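Novice: Please find one structure pasted underneath; my questions will follow.
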Amino acid sequence: MSFWSFLSQNRSELLTLITQHLRLVVISTLLAALIGIPIGILLTRRQALRKPVLGIANVMQTIPSLALFGFLIPIPFIGGIGARTAIVALVVYALLPIIRNTVTGILGIDQNVHQAAVAMGMTARQILWQVELPLAASVILTGVRVALVISVGVTTIAAAVGAGGLGVYIFRGLRQYDNNLLLAGAIPAALMALAADSLLGLAERSFSVGAKRQKANRMLRRVARAIVIALLLLAVGFSFWHTRSRSRARGADTRLIVGSKDFTESVLLAEIVAQMLERRSVEVERLELGGNLPHDALLSGRIDLYPEYTGTAYTAILHHQPITDPRAVYEQVKQEYAARFGIEVGPPLGFENTFAILVRAADAARLNLKTISEVTPYASGWRAGFGQDFMSRADGYPGFAKAYDLQFAEQPHEMDLSLTYIALASGKVDLIAGNSTEGRIAALNLVQLEDDRHYFPPYQAVYMIRRDSIERVEVLREILSRLANRISTEEMRQLNYNVDAGKRPPSEVVREWLKRESL
Amino acid sequence: MAVATAQMSEPNSEVLVDFNNVTYSFDATGSPVISNLNLSVARGETLVLLGESGCGKTTTLKLTNRLLLPDSGEVLVEGRATTLWDPIRLRRRTGYVIQEGGLFPHFTVERNIGLVPKLDHWEPARIRARVHELLALVGLEPLTFAQRYPAELSGGQRQRVGVARALAAEPPLLLLDEPFGALDPLTRASLQQEFALLTKRLNKTSIFVTHDLHEALMLGSRIGLMKAGRLLLLETPADFLNSTNEYARAYLDTLQLHESGTNSPERRL
């Protein structure tokens, strides 16, 4: 599909994402200016506070954005899932340049001018509004401009906490190895950054003292100022109108929010339940979240259910040492989730998505490799690439390397999971830990090696559902029992493949499958 | 040596500013910037404070319009101690001119000059008329200069605007802190002459700070010589020229050296 036809087909979704993005950026930058400029002014009055406050703002900005979003989720009132969390994080990032430039701008005013203002008998308030702020305006605006450009960028990550925006396309594009999606997310974001930068640049020049020299400039200056203000108002107004019109459409108590993790399979499994619910006249909202966020969102009631894997629940959430018996893992998870979280674990869906150790088919054929233990002698000449998840979890890399006595040529590359397949296929690495249901395994000519020492724990796919949600929406129980043991590994691989390689929308793939299975 | 002024105990309408035993230091531990200063400024006179940088002459100005408050002693303006004045009111009644003018770069000449009248809520038409009157007074064509920004002016023009701004609300007192210090010698000489005429014509009271003896002799009705926070001498220019004070003589020696050695415009003195 060409980029242009992709754009025209997804025009309305793209528009929604751009609006969300713009709204997050504008609201957070305005808030940051409303908070940052007064703080900056205060710091010019209280020298003792200057160093510590700027230090804190500085440190906050060095926190990696994804980590900051992570910190915020469990915090009541300002945290959680969605736009609010994103705005809090964005404000945190935007504060530093605004505070710093306010301080620099005001302290940078010619001492003679300041002294003259005091000696003329101006009050502190008059000095602030008539002398300090006008003279510092262009420097302060530079700070706002930097903040705005930073916000446009960081907002792409806000998609990970379910705040929407162009990051949704970028994350999805990375996952599905789909350049159309990537570009459709990245290009508008880049254009937005450029537009914000040049618009504010214009405003900044209009405020600078030098511009006042040319009378001819005055008209232009007024026009530029009017345009900037009009655009800001428009953006805010439009986004509020947009949100209002959306929230008005919401129904009452039979509405469910189906969460998913941010990879294709999870999205597909969520879509399956979502469509089955919709056929039974239940209103559904879908929410895609990164990392272990769905679990937190489920606990906090932000979502009602999401697909999970027993092994992940057992090790990453309940923090048990990995064991290999699928039945024992399932029972243990079910029991502990009910007791600890009040969450029900649905029946297994019939397939496992375990770690699949993958190599190129050509290597496997040349070296006659079938099992992981056969790799051990070659490992010292190989490079490995693993997702962040695999590197850190209890059943991940450290134990894996020990179980198979693997010593790679260099420290394994830690990268985005969806990129490891491409890295392997293109020869950048020689071994990866993928997912057994990954649709691209066959397409990219990769081979899964057998876990002959039974290192990896079982990862049966199940739905995690809030107990109160089941009580509220009765049909959920029926849907869960109908899906029990319904999806085989091969089927899941095919569904994944249709989305990842076939570049078809998950909703369409799921609709077809439901029809075929007469669900 | 004796300080030339008498102590004033009762308000005297002839005295506008009166320093009584004023001491001031920047911090509690350091040596005082001003020590036991006694000084009276009579209405209508131009009192010049002469001295090297750091001798306390600028601090004396700042004590006058309550930019600073004395550690001990008191400064009376119009018979009332500065500690009892509302600082904003006092400053609006006191014109202040500093080096380079201290003009607001984002205000036109008109807005700069009209600042204090505007703060005092004058009618716009009255402000405008006053600004034009003052521009003419300081030798700037109102129609040419009113709408310009400070960056569009020469150093001398900026200084003229600075003087006009200080005069705008007809303050009884002018404070001038080396107003002509940054100008080239020719411009400085002509501004000095015009200022001398202006103060005479307007019968203004001013305290004028400088480190330039020529300027002091030319403009001052009295000259106060300061050193290390103390007032050494307070004389009329004629008496100053004949002073036997060692420090004053040192100043006068430079004058003679200067006059015999160069051909500067100050020769006119």
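Novice: Need a quick list: helices (runs of 4 or more DSSP H) entirely within region A:28-107 having at least 2 residues that are of a type in the set (S, T, N, Q) and without any contact (Cβ under 8 Å) to a residue 40 or more places away in the chain. Spell out how you get there, then give the answer.
Specialist: Details: elements: A:47-62, A:65-72, A:83-107.
By residue number, A:47-62.
Novice: While we're on this one: Please tell me if A:Ile109 is within 18 Å of the chain's Cα centre (by Cα) and hydrophobic (A, V, I, L, M, F, W, C). Working first, answer last.
Specialist: Working: within 18 Å of the chain's Cα centre (by Cα): no; hydrophobic (A, V, I, L, M, F, W, C): yes.
The answer is no for A:Ile109.
Novice: Out of A:Ala119, A:Ala190, I need the residue that is over 14 Å from the mean Cα position of the chain (by Cα) and surrounded by 19 or more Cβ atoms within 10 Å (Cβ to Cβ). Which one? It would help to see each step written out before you state the result.
Specialist: On the way: A:Ala190 fails: surrounded by 19 or more Cβ atoms within 10 Å (Cβ to Cβ).
On inspection, the qualifying residue turns out to be A:Ala119.
Novice: Right, another one. Given (1) part of a loop (DSSP other than H, G, I, E, B); (2) more than 15 Å from the chain's Cα centre (by Cα), identify the lone condition not met by B:Phe180.
Specialist: (2)
Novice: Still on this model: Kindly indicate whether A:Gly143 is outside any helix (DSSP H, G or I), touching a residue at least 60 places away in the same chain (Cβ under 8 Å) and crowded, with 24+ Cβ neighbours inside 10 Å. I'd like the intermediate steps shown before the answer.
Specialist: Working: outside any helix (DSSP H, G or I): no; touching a residue at least 60 places away in the same chain (Cβ under 8 Å): yes; crowded, with 24+ Cβ neighbours inside 10 Å: yes.
Considered against the rule, which asks whether it is outside any helix (DSSP H, G or I), touching a residue at least 60 places away in the same chain (Cβ under 8 Å) and crowded, with 24+ Cβ neighbours inside 10 Å, A:Gly143 comes out as no.
Novice: Let me ask another. Quick test of your reading of the structure: B:Arg160 fulfils all but one of (1) crowded, with 22+ Cβ neighbours inside 10 Å; (2) under 15 Å from the mean Cα position of the chain (by Cα); (3) within 14 Å of chain A (Cβ to nearest Cβ). Name the failing condition by number.
Specialist: (3)
Novice: Within the bounds of region A:281-288, is there any residue that is in the same structural domain as A:Asn485 (by TED's automatic domain parsing) and closer than 27 Å to A:Gly399 by Cα? Outline the logic, then answer.
Specialist: Step one: list which residues in region A:281-288 are in the same structural domain as A:Asn485 (by TED's automatic domain parsing), which gives A:281-288.
Then keep just the ones that are closer than 27 Å to A:Gly399 by Cα; that gives none.
Taking every residue of region A:281-288 in turn, none turns out to be in the same structural domain as A:Asn485 (by TED's automatic domain parsing) and closer than 27 Å to A:Gly399 by Cα.
Novice: Another question, if that's okay. Looking at (1) more than 30 Å from A:Val499 (Cα to Cα); (2) surrounded by fewer than 17 Cβ atoms within 10 Å (Cβ to Cβ); (3) at pLDDT 65 or above, which is the only condition A:Leu200 fails?
Specialist: (2)
Novice: When you scan region A:422-433, do you find a residue that is surrounded by 15 or more Cβ atoms within 10 Å (Cβ to Cβ) and either among the acidic types (Asp, Glu) or outside the structural domain of A:Ser373 (by TED's automatic domain parsing) (or both), even just one?
Specialist: Yes, region A:422-433 has at least one match.
Novice: Within region A:374-388, can you find the residues that are more than 15 Å from A:Gly427 (Cβ to Cβ) and crowded, with 18+ Cβ neighbours inside 10 Å?
Specialist: A:Val375, A:Ala379, A:Phe386, A:Gly387
A quick yes/no check of all residues on (1) part of a loop (DSSP other than H, G, I, E, B); (2) within 13 Å of chain A (Cβ to nearest Cβ):
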| residue | (1), (2) |
| --- | --- |
| B:Arg111 | no, yes |
| B:His132 | no, no |
| B:Ala136 | no, no |
| B:Leu140 | yes, no |
| B:Leu143 | no, no |
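Novice: Give the residue that is nearest to the other protein chains (Cβ to nearest Cβ), with candidates limited to residues of region A:111-163 that are under 19 Å from A:Gln61 (Cβ atoms) and small (Gly, Ala, Ser).
Specialist: Result: A:Gly143.
Novice: I'd like the full set of residues that are in a loop (DSSP other than H, G, I, E, B) and either touching a Phe, Trp or Tyr at 6+ places or on another chain (Cβ under 7 Å) or not polar (S, T, N, Q) (or both), limited to region A:309-338. Spell out the reasoning first.
Specialist: Initial filter on region A:309-338 (in a loop (DSSP other than H, G, I, E, B)): A:318-325.
A:Leu318, A:His319, A:His320, A:Pro322, A:Ile323, A:Asp325 - these are the residues of region A:309-338 that are in a loop (DSSP other than H, G, I, E, B) and either touching a Phe, Trp or Tyr at 6+ places or on another chain (Cβ under 7 Å) or not polar (S, T, N, Q) (or both).
Novice: I need the full set of residues from region A:122-142 which are among the acidic types (Asp, Glu) and more than 47 Å from the chain's Cα centre (by Cα), in order please.
Specialist: Quick first cut of region A:122-142, residues among the acidic types (Asp, Glu) only: A:132.
Within region A:122-142, none qualify.
Novice: Quick check: is even one residue across region A:477-492 touching a residue at least 12 places away in the same chain (Cβ under 8 Å), hydroxyl-bearing (Ser, Thr, Tyr) and buried (at least 18 other Cβ atoms within 10 Å of the Cβ)?
Specialist: Within region A:477-492, not a single residue is touching a residue at least 12 places away in the same chain (Cβ under 8 Å), hydroxyl-bearing (Ser, Thr, Tyr) and buried (at least 18 other Cβ atoms within 10 Å of the Cβ).
Novice: Could you list, in sequence order, the residues of region A:435-476 that are in a strand (DSSP E or B), within 24 Å of A:Tyr397 (Cα to Cα) and out of contact with any helix residue (DSSP H, G or I) (no Cβ under 6 Å at 6 or more places or on another chain)? I'd like the intermediate steps shown before the answer.
Specialist: Keep residues of region A:435-476 that are in a strand (DSSP E or B), which gives A:435, A:446-450, A:460-466.
Narrowing further to those that are within 24 Å of A:Tyr397 (Cα to Cα): A:435, A:446-450, A:460-461.
Hits for region A:435-476 are A:Asn435, A:Leu446, A:Gln448, A:Glu450, A:Ala461.
Novice: Also, I was wondering about something else. Which one is nearest to the chain's Cα centre (by Cα), of the residues in region B:118-127 that are part of a helix (DSSP H, G or I) and farther than 26 Å from A:Phe207 by Cβ? Step through it out loud before you land on a result.
Specialist: If we filter region B:118-127 for residues that are part of a helix (DSSP H, G or I), which is where we start, we get B:118-119, B:124-127.
Next, only the ones that are farther than 26 Å from A:Phe207 by Cβ stay: B:125-126.
Numbers: B:Ala125: 29, B:Arg126: 27 Å.
Per the criteria, the residue is B:Arg126.
Novice: Additional query: Taking region A:316-352 only, how many residues are of a type in the set (S, T, N, Q) and free of Cβ contacts under 8 Å to residues at least 12 places away in the same chain? Break it down into steps so the answer makes sense when it comes.
Specialist: Pass one, region A:316-352, residues of a type in the set (S, T, N, Q): A:321, A:324, A:332, A:335.
Subset that is free of Cβ contacts under 8 Å to residues at least 12 places away in the same chain: A:335.
The qualifying residues number 1.
Novice: Related question: Mind listing whichever residues of region B:100-109 are on the phi < 0 side of the Ramachandran plot and more than 7 Å from chain A (Cβ to nearest Cβ)?
Specialist: Initially, region B:100-109 is screened for residues on the phi < 0 side of the Ramachandran plot, giving B:103-109.
The answer is B:Leu103, B:Phe107, B:Thr108, B:Val109.
Novice: Please find, among A:Phe390, A:Phe400, A:Phe386, the residue that is aromatic (Phe, Trp, Tyr), assigned to a strand (DSSP E or B) and under 25 Å from A:Glu265 (Cβ atoms).
Specialist: Going through A:Phe390, A:Phe400, A:Phe386 in turn, just one is aromatic (Phe, Trp, Tyr), assigned to a strand (DSSP E or B) and under 25 Å from A:Glu265 (Cβ atoms): A:Phe386.
Novice: Pairs under 9 Å by beta carbon, first residue assigned to a helix (DSSP H, G or I) in region A:283-308, partner of a type in the set (Lys, Arg), six or more apart or different chains?
Specialist: Listed by first residue and then by second, the contacts come to A:Leu293/A:Lys261; A:Pro294/A:Lys261; A:Asp296/A:Arg302; A:Leu298/A:Arg466; A:Leu299/A:Arg466.
The values are calculated or read from the model by the stated rules, or taken from the named source; none is laboratory data. Just so we're clear, the structure is a prediction, and the values are computed from it rather than from any experiment. When we count neighbours, we look across all protein chains shown, and the Cβ atoms used for this are built from the backbone with ideal geometry, even at glycine.
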